[in-house]
1. Residue by residue through the stretch 208-225, what is 3J(HN,Hα) from phi via Karplus (6.51 cos²θ - 1.76 cosθ + 1.60, θ = phi - 60°)? Round to whole Hz and write x for glycine and proline.
2. For the chain, calculate the relative contact order in percent as a whole number, restricting contacts to Cα pairs under 8 Å that are 6 or more residues apart.
3. Can you give the local net charge around Val23? Use residues other than it whose beta-carbon is closer than 15 angstrom to its beta-carbon, Lys and Arg +1, Asp and Glu -1.
4. Quick one: accessible area per residue over the chain, 1.4 Å probe, rounded to a whole number of Å²?
5. Report the dimensions of the stretch 4-260 along its three principal axes from the alpha-carbon atoms, largest first, rounded to Å.
6. Rounded to the nearest percent, how much of the accessible area of the chain (1.4 Å probe, protein heavy atoms only) is carbon and sulfur?
7. HN-Hα J couplings of the stretch 128-135 from phi, Karplus 6.51/-1.76/1.60, θ = phi - 60°, integer Hz, Gly and Pro as x?
8. Just the projected area, averaged over all directions, of the convex hull on the alpha carbon atoms of the stretch 79-209: how many nm²?
Amino acid sequence: MKRTLIVGNWKMHLNVAQSSLLVARLHKHIDGHRDIEVVLAPSMVALQPISTQIDRRRFRLAAQDAYHKDEGAYTGEVSFHMLRDLVHYVIVGHSERRIFFNEGLDVVRDKVSACVRNGMTPILCVGETAQERAGGETKQVLHDQVVSALSNLTGVEVANMVIAYEPVWAISTFGGQIAKPSDVVGEMAFIRHQITELYGSHVSKHTRIIYGGSVDDHSARAYLEIDDCDGVLPGNASLNYHKFTGIVDSAYKMNRDKKDD
Ligand code: PEP
């Protein structure tokens, strides 16, 4: 069974002391669950201290980005290679990276490859802008982003990765329009279909596809109930202890209800 994945992206918020405080509070509430995986993505500077603080049976760590070259004269960058013993996951191709830092398809593809090459799991973010959706280009955008990002990977590597469907228009940074689950169910199914087309259903059924876009403790369960949804990726809500633990509780309750059925 795939574990339900909850990834809190703290973006460029919380210094080391604040991050450590939030982790200490989360430890009090979040137990290790066999069927839920909770991942925290603090800032780069907080990763090392948080890695020594967390109970690894309860939390895993993700970096929010990294550079695809292993080492060299790239002032200011941190490579996937440098993160390999520190984190389990790296978020790649977040819309804030694609839009604010002009990361195109080739850069995202190279980052996904570097992540896998260095033994970590990419959380590849894909999603269309409001303009692309209005222009009827959603499927083309998702197709291009998925096909290009996976182009250097084997089926086994794709089966192990995570793809986050994050419609740009639903992310708090870009307006945070609330997407109803019925607005995204087709897109999530389309992403899985793309993987089936490329690698076959034995691979696509293992790839975890999660949803992100202004998810909070009230909305999480509705997204988690979507057939093709294996988890959620909250940004803003993950900075709030009550909201984030509420999201984890929603996943826990949903899995418990399913078992009771
Ligand atoms: C994100 O950071 O990927 C995200 C979805 O942010 P938010 O939940 O704040 O919209």
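1. Each residue's phi maps through the Karplus curve to give 8, 10, 10, 10, x, x, 6, 6, 9, 5, 7, 9, 3, 4, 4, 6, 5, 6 Hz.
2. 19 percent
3. Summing Lys and Arg as +1 and Asp and Glu as -1 gives +4.
4. Accessible area per residue: 46 Å².
5. 53, 44, 36
6. Values: 5950 of 11940 Å².
Its accessible area is 50 percent carbon and sulfur atoms.
7. 9, 7, 4, 5, 5, 5, 4, x
8. Its average projected convex-hull area is 7.8 nm².
The values are calculated or read from the model by the stated rules, or taken from the named source; none is laboratory data. Bear in mind that the values here come from a model prediction, so they are computed numbers and not experimental data. Glycine also receives a Cβ, built like all others from the backbone with ideal geometry; neighbour counts cover every protein chain displayed. Only protein heavy atoms, including side chains, enter the accessible area calculation; ligands, DNA and RNA are left aside. Shrake-Rupley method; radii C 1.70, N 1.55, O 1.52, S 1.80 Å.
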